[in-house]
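The structure appears right after this line, and notes come after that.
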Amino acid sequence: MRHPILSLALVPMLFSAPAVAADAMNDLQIAHAAYTAGDIDIRYAHLALALSDNADVRDFANTMVRDHAAVNDAAIALVTELKVTPEDNALSQALVKGAADKRAELMSLEGEAFDCAYATNELAYHQVVNKTIAENFLPAVTVAPLKDLLEDALATFTQHEGHAEHMVAQLGCAS
């Protein structure tokens, strides 16, 4: 499944993420992909904190660091408690590749161009991640505590999507 509306803000590897996620994934692969997606957003946020002078962008980036780190810390605690090791997979690898390309693109920008590119990417990233969690991960997860963690994370990430949408509008970024 592809999301062409997101193509303006995300690199091609991320577009294929929902398609890859649609392939059968076990709980350990889902946990790895979810953690990877959170870690990527933390890295985007650190980049925004390093490059942006816009108070709203910096506030959003701080929120991303705080919230995604909290979810990832909870995920680490869960896999430690369950004594399991998340499994690397094609989706995680596609996310990492796409993020490296996107970071390189973002690092080449400054000022308002960076702020809009970051905000637009955050909106698109949260749209695709939220859709993937809701439509692919939650129906497939078999371990109740992992499902609970993903449901809680989705509620938070849905708020992030709304915040990113507002930020894109407030910055006046072209769609």
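Observations, loosely collected:
- Residue selected from segment 75-96 under the condition closer than 13 Å to D39 by Cα and in contact (Cβ under 8 Å) with a residue 60 or more places away in the chain, by the criterion surrounded by the most Cβ atoms within 10 Å (Cβ to Cβ): L95
- Failed item in (1) among the aliphatic types (A, V, I, L, M); (2) more than 19 Å from K147 (Cβ to Cβ); (3) under 14 Å from the mean Cα position of the chain (by Cα); (4) at pLDDT 95 or above, with V71 passing the rest: (2)
- Selection from segment 124-175 of residues that are over 26 Å from I76 (Cα atoms) and either more than 18 Å from the chain's Cα centre (by Cα) or among the charged types (D, E, K, R) (or both): E165, A169, Q170, L171, G172, C173, A174, S175
- Those residues of segment 61-74 which are over 20 Å from V128 (Cα atoms) and either open to solvent by less than 20 Å² (accessible area, probe 1.4 Å) or of a type in the set (D, E) (or both), in sequence order: D73
- Across segment 153-171, the number of residues qualifying as touching a residue at least 12 places away in the same chain (Cβ under 8 Å) and either not in a helix (DSSP H, G or I) or not polar (S, T, N, Q) (or both) comes to 11.
- Number of the exception - C116 against (1) part of a helix (DSSP H, G or I); (2) open to solvent by 40 Å² or more (accessible area, probe 1.4 Å): (2)
- Whether a residue is farther than 21 Å from T156 by Cα and surrounded by 13 or more Cβ atoms within 10 Å (Cβ to Cβ) was assessed, and R58 does not pass this test.
- Residues in segment 123-175 that are of a type in the set (A, V, I, L, M), exposed (fewer than 15 other Cβ atoms within 10 Å of the Cβ) and closer than 22 Å to A31 by Cβ: A144, A155.
- Scan of segment 38-55 for residues that are surrounded by fewer than 20 Cβ atoms within 10 Å (Cβ to Cβ) and closer than 21 Å to I133 by Cα, ordered by number: D39, I42, R43
- Residue in segment 27-37 that is open to solvent by 20 Å² or more (accessible area, probe 1.4 Å), modelled with pLDDT of 95 or more and in a loop (DSSP other than H, G, I, E, B) present: no
The values are calculated or read from the model by the stated rules, or taken from the named source; none is laboratory data. All values derive from a computational prediction rather than experimental measurement. Reconstructed Cβ throughout: ideal geometry from the backbone, glycine too, with neighbour counts over all protein chains shown. Just so you know, the surface numbers come from the protein's heavy atoms only, side chains and all, with ligands and any DNA or RNA stripped out. Shrake-Rupley method; radii C 1.70, N 1.55, O 1.52, S 1.80 Å.
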